[in-house]
Amino acid sequence: MLSLAITIADRRGPMADVRDRLAAAVLRDLAAEPPTAGERFVLSLFRRSRIAAAPLGNPADEIVALTRAIGDGAQFFLIPGEVWTDAVNEDVGRLPAGERPAWVALLAHALQASASRPSAAWLETATGLIDAIGTDWVHEAFARWLPLVSRGRSTPRRPSFAGSTRPANG
């Protein structure tokens with residue numbers, strides 16, 4: 001399971017069926033006996049590997065069940081595994097429940113950006129979403145998160161084969 005837990009969340013790859021069957025078996029086993037501390041750590045890595053799209057605070061039932069078993073109360077708004085997305089997930093997750101929807105709306109809008117230069121309509125919507133949260137607060141949050149982008153992955157990946165010289169976090 002540890003090996004599968006540190007692989008990329010690829011729902012279509014050759015190991016996708018194995019990961020799906022493993023997830024189902026793990027969830028069945030968790031109903032019978034609570035995990036140990038070591039198992040919770042491996043489950044947290046496995047949970048990260050199962051998130052293939054930004055949940056925006058509404059993760060799949062499988063992720064909710066794994067989070068309940070792990071007991072860490074983690075919330076996911078963006079795909080975890082990068083230092084900056086982990087920081088966004090943690091910061092937005094710590095907000096009072098009533099403040100999260102505005103941030104989710106801003107993140108969802110940002111995820112829709114597809115051009116190198118945003119349209120006037122996109123900018124207008126973004127401005128409204130930022131104003132709803134508070135310009136200073138948004139600037140402070142992004143000033144914390146954006147420098148973290150260069151730090152790369154927070155979840156180790158195994159090399160592609162034994163003896164590989166590529167870094168595990170590459």
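Between Leu146 and Arg28, the simple spin-label model (points 7 angstrom out along Cα→Cβ) gives 4.9 nm.
Computed from label points 7 Å out along Cα-Cβ, the spacing between Val18 and Ala97 is 4.0 nm. Distance between the 7 Å Cα→Cβ label points at Ala110 and Ala132: 1.5 nm. The relative contact order of region 83-151 comes to 56 percent, based on Cα pairs under 8 Å that sit 6 or more residues apart. Neighbour counts of other Cβ atoms within 10 Å put Glu39, Glu33 in the fewest-to-most order Glu33, Glu39.
Bear in mind that the values in this text are calculations on the coordinates, not laboratory data. Just so you know, these numbers come straight off a predicted model, no measurement behind them. Here the Cβ is made from the backbone with ideal geometry for all residues, glycine too, and neighbour counts use every protein chain on show.
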